[in-house]
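One structure is given below, encoded as structure tokens.
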Amino acid sequence: MRHPLGPALCALTIALASTCAPIWLLGCASGRSTVVAKSTEDAAAFAPASYREERALLLLMEDRRTLDAAVVEHFASGAAPLREMLAVALGRIGDAATRPTLEVLLVDADAAVRRAAAFGLGEMGDRASTKALLRAVADSDPETGGLAVEALSKIGASATEVNDALAAIAPLPTPERWGRLLPYLFRFKGTDVVVLAVEGLKTLDPTMHAQAAYALAREPQEGGAPWLRLLLADSDPSVRDWAARGLGAVGEAGDLARLRPLLDDANAGVVIQTLRSAKRLIGAGKIAAPREWTPRLRALFDDPRPGVAVTALEAAGAWLLDETLGGVLAERAGSETVSQRHREVALLALADGKDPRAGGLADRVARAASPVLRARAAEAAGKLGLDDVLTRLLADQEAGVRAAALDARLQRKDEAAWNAARAALVDPDPIVRSTAIEGLGAQLPLAEITRGLAASAGDRLDDAQLSLMRALGARAKAEKVEPAERAGCLATLQQAASTHDDFLVRRQAADILHDLGEARPAIGAASDRQLDWYRAALARIDGSREVDLATPRGTVRIRLACQEAPLTCLNFLQLAGQGYFDGLTFHRVVPDFVAQAGDPRGDGSGGPGFTIRDELNRLRYRRGAVGMALSGPDTGGSQFFLTLTAQPHLDGGYTIFGDVVSGMDVADRLEQGDKILHATIVGGLR
């Protein structure tokens, strides 16, 4: 039998011949050992040299996104650390054919293996695993039970279904039942989430109480509003933060009075979420902007906490036309002595409030030397309907400005917008073309799409080509498209799925064909790297690795999670070693959320010219976690983010590849536009 990974498997067999004979060759269980590992990291620490070959082979299989039955059987019959690594790999590959293997591993004798299998089934997202996971929620190992709950939330089970399973299969003490359900309750849908969260609030455990509050606030429902109001006075600042955020979505007019005391809260996150929710309630027309807030709002413009000051400026747009606030905003938008970020935010706040000074300021800022300011001027011009400003910016020398101007113009959805998009189809920049293609959608005929595919063949970024795949799907779905053109769209998608040199484009084309009711074509392996490459990669990240990011506000030190995300860490180290990050900005800073950097374009759409696959793992987005920014599955490259507060909703969706071990106070002070002066690998690049 010839296996897809045959040469690599043979190499592994030779390397391990003196230690363990694989069961698929000898028909015995001699590969099983008595090693018990609590995690993959523990397993590697126990015997890193003996497992490096196996780890290399699994990385190869994950990268290629192709399964080898012999490799799977070999690992499934091996020592506990191997079975655990296999479960993680199968979840990442996501092939439904391996669901039975994961379900067997879900009842493994080793708890670490069961945990990995529960996580893997959640990542796979196959509803056929529901029964197996419902049994696993009451596993004797609490962590396995919790991960099974999380997996069920990802595959669409109901919170009541899971709660009933916890109570019925093997009755657990109430604290243990809540300990498994509450951390993941926010992920479920339905009104039963509110019922269970309210019940969970009664627990005396402060961590569980906070988890119940998060479930009420993350995707708030009207039924949870009374409880969110009570939580505004909670002793835990995180709970007050979440409650304020939730009321912005489901609150009513009277809630502004309830929120007002939180503007004086000592916790910056609470103030930030209060300001955002007030703006949202006013913007939704639930209440007029209360003038009694004006003095405090004005004072917050100069708050020493950068995130608070910026958020106050943003929120002020809801209070205009108010001369006290509007005058200050106009002064800052036009000033060259305040920070660039304050100028941007002040201008957009004036545009949001339709202040009569906003138009003149937008025209002035559109001539600024900074392309970031010009891009914000485009956004303001779009809000104000300043077509002459947008026309000028559509011809800007900076691609990011042109993209922002086109995006603003397309918000109008009129003939002038479509004409601007058609003109942008020949822009030299792939992001500008992608913006145009997405705006036109089904309006693009097949002939235009075909020309676009030819023109984008040499692009360094694949955004335009991915957009063209979506345009083909939209055109094929269009009601008035001729049968011959629809057939041509399908044929073009088939060709792209089978032959395109970019795996993401092939996968996109195959997914669209499936959505259109066509058979999903084979798209081939995602990578052609050989086993030696992965051996070398693992050697380069062996041991503890740290990177210092020097900024004008101080240094942030990141410790990399090389065991959990080896290829992501290697990519980060290589880019840092090349000086790639030096001089790049934190182009996106969202107070009380994340600070994001690593984009050479500076507008959030750039990258290194290649992508890396996801390495989703069981690390959690606690404060200080470092994650890989994405625009879809497997689209990582160079953009990364630091979480400024815990963000559980990101868990299992974005690769965590490190955490901040010092300088978190520096991260808190970062403002959008701050530069990475230098990225230094502690100990050097190997």
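The values are calculated or read from the model by the stated rules, or taken from the named source; none is laboratory data. Owing to the predicted nature of the structure, the values given are computational and were not obtained by experimental measurement. All Cβ positions, even for glycine, are placed from backbone atoms using ideal geometry, and neighbour counts span all protein chains on display. When the accessible area is computed, the model is the full protein with side chains, heavy atoms only, and any ligands, DNA or RNA have been set aside. Shrake-Rupley method; radii C 1.70, N 1.55, O 1.52, S 1.80 Å.
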Checklist line | Qualifying helices (runs of 4 or more DSSP H) (wholly inside the stretch 308-379; at least 1 residues being closer than 28 Å to Leu644 by Cα) | finding: 323-334, 340-352
Check: From the list Leu513, Leu504, Leu466, which residue is more than 22 Å from Val432 (Cα to Cα) and open to solvent by less than 30 Å² (accessible area, probe 1.4 Å)?
Finding: Leu513
Next item on the list: Inspect all residues belonging to the stretch 440-461 and state whether any of them is open to solvent by 40 Å² or more (accessible area, probe 1.4 Å), in contact with a Pro (Cβ under 7 Å, 6 or more places away or on another chain) and either in a helix (DSSP H, G or I) or in contact (Cβ under 8 Å) with a residue 60 or more places away in the chain (or both).
Entry: no
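Report the residue count in the stretch 186-215 for those that are aliphatic (A, V, I, L, M), farther than 15 Å from Pro237 by Cα and either assigned to a loop (DSSP other than H, G, I, E, B) or open to solvent by less than 40 Å² (accessible area, probe 1.4 Å) (or both). Spell out how you get there, then give the answer.
Step one: of the stretch 186-215, the residues aliphatic (A, V, I, L, M) are 193-198, 201, 204, 208, 210, 212-213, 215.
With farther than 15 Å from Pro237 by Cα added as a condition, the list becomes 193-198, 201, 204, 215.
Those still in the list that are either assigned to a loop (DSSP other than H, G, I, E, B) or open to solvent by less than 40 Å² (accessible area, probe 1.4 Å) (or both) too: 193-194, 196-198, 201, 204, 215.
Adding up the residues that qualify gives 8.
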Item checked: Matching entry among Gln574, Gln563 (being within 24 Å of the chain's Cα centre (by Cα), over 13 Å from Asp63 (Cβ atoms) and not in a loop (DSSP other than H, G, I, E, B)) -> Gln574
Next item on the list: Look at Ala37 and say whether it is surrounded by 22 or more Cβ atoms within 10 Å (Cβ to Cβ), under 19 Å from Ala561 (Cα atoms) and either at pLDDT 95 or above or not hydrophobic (A, V, I, L, M, F, W, C) (or both).
Entry: no
Checklist line | Filtered residues of the stretch 585-597 (kept if open to solvent by less than 30 Å² (accessible area, probe 1.4 Å) and assigned to a loop (DSSP other than H, G, I, E, B)) | finding: Phe586, His587, Pro591, Asp592
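Residues are listed down the side, and each one gets a yes or a no for (1) aliphatic (A, V, I, L, M); (2) on the phi > 0 side of the Ramachandran plot:
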residue: Val389; (1), (2): yes, no
residue: Gln411; (1), (2): no, no
residue: Glu415; (1), (2): no, no
residue: Val432; (1), (2): yes, no
residue: Ala436; (1), (2): yes, no
residue: Gly441; (1), (2): no, yes
Next item on the list: Of the conditions (1) among the polar types (S, T, N, Q); (2) over 18 Å from Leu440 (Cα atoms); (3) surrounded by 17 or more Cβ atoms within 10 Å (Cβ to Cβ), Gln530 clears all except one; give me its number.
Entry: (3)
Margin query: Restricting to the stretch 589-635, count the residues that are among the basic types (Lys, Arg) and closer than 20 Å to Glu344 by Cβ.
Written below: 1
Next item on the list: Among the residues of the stretch 598-636, write down those that are open to solvent by 30 Å² or more (accessible area, probe 1.4 Å) and acidic (Asp, Glu).
Entry: Asp603
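In the stretch 99-169, which helices (runs of 4 or more DSSP H) lie fully inside it and hold 3 or more residues that are farther than 22 Å from Leu67 by Cα?
Values: elements: 99-105, 111-124, 130-136, 142-154, 159-168.
So the answer is 130-136, 142-154, 159-168.
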Check: Of everything in the stretch 243-299 that's of a type in the set (Asp, Glu) and open to solvent by 20 Å² or more (accessible area, probe 1.4 Å), which residue is farthest from the chain's Cα centre (by Cα)?
Finding: Glu292
